[in-house]
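The values are calculated or read from the model by the stated rules, or taken from the named source; none is laboratory data. Nothing here was measured: the structure is a model prediction, and the numbers come from that model. Quick reminder, even Gly has a Cβ in these numbers, built from the backbone with ideal geometry, and neighbours come from all protein chains shown. Just so you know, the surface numbers come from the protein's heavy atoms only, side chains and all, with ligands and any DNA or RNA stripped out. Shrake-Rupley method; radii C 1.70, N 1.55, O 1.52, S 1.80 Å.
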Amino acid sequence: MLILGINTVADACEAALVRDGSVIAELSEPMQQGHDARLAPVVEKLMRESGVVFTALDRIAIVVGPGSFTGVRVGVAFARGLALSLDKPAVGVTSLEALDGLPQQGRVLALLPAKRRPPERTWWGQLIVAGRGAGESFEAGPADLQSLAAGVDLVCGGLDGLPDLGRAAIAATPKAKAAALFA
């Protein structure tokens, strides 16, 4: 199966091609805004340089947030339009399911920083069990994270500013290749 993964929810515009679980090409342009102007050229360049034609795709995976509201809209609209034009399925993958290096075994609390909201910082979270989302993503503060972490083996994601949760933790960010691997 050949999957095109797209990520526009963070500070990059990314696309990746995954064939049968192996990444065959990926392209990322760092940016904080302007995803709408760069996404089509990034995807076109990835496809051209990898020698893959769009009609060869079996599926399109798109990171659907949480993350930049505008970035989510840009990516979802592009993926949906591409999927409709190619008559291929588009699959949404949360930013937390698309963490690069997300463990595929055990119970993992996936976290990414949300915007600072007075009076304290919050994080987007999702429980991942055996590499798959086991429920909807949520927003939680530091006190809630302590109880959520009690039932997991590992914490994975954006750890900057995260309080000590008493669990092993690995840093990771959402990536287009991870979305395609998840889909």
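Summary of values
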item	result
Set 25, 15: member being touching a helix residue (DSSP H, G or I) at 6+ places or on another chain (Cβ under 6 Å), surrounded by fewer than 21 Cβ atoms within 10 Å (Cβ to Cβ) and within 25 Å of residue 158 (Cα to Cα)	25
Selected residue [more than 16 Å from residue 95 (Cβ to Cβ) and not β-branched (Val, Ile, Thr)] from 14, 29	29
Residue in segment 1-12 that is in contact (Cβ under 8 Å) with a residue 40 or more places away in the chain, open to solvent by 70 Å² or more (accessible area, probe 1.4 Å) and more than 18 Å from the chain's Cα centre (by Cα) present	yes
Segment 152-183, residues that are in a strand (DSSP E or B) and in contact (Cβ under 8 Å) with a residue 60 or more places away in the chain	157, 170, 174
Segment 58-87, residues that are crowded, with 19+ Cβ neighbours inside 10 Å and over 28 Å from residue 156 (Cα atoms)	78, 82
When residues of segment 88-136 are limited to those that are hydroxyl-bearing (Ser, Thr, Tyr) and modelled with pLDDT of 95 or more, the one least open to solvent (accessible area, probe 1.4 Å)	95
Residues of segment 137-151 satisfying the condition of being in a loop (DSSP other than H, G, I, E, B) and surrounded by 18 or more Cβ atoms within 10 Å (Cβ to Cβ)	137
Selection from segment 22-50 of residues that are modelled with pLDDT of 95 or more and among the small types (Gly, Ala, Ser)	22, 25, 28, 37, 40, 50
Single match in 87, 100, 58 (criterion: of a type in the set (Asp, Glu) and closer than 28 Å to residue 171 by Cβ)	100
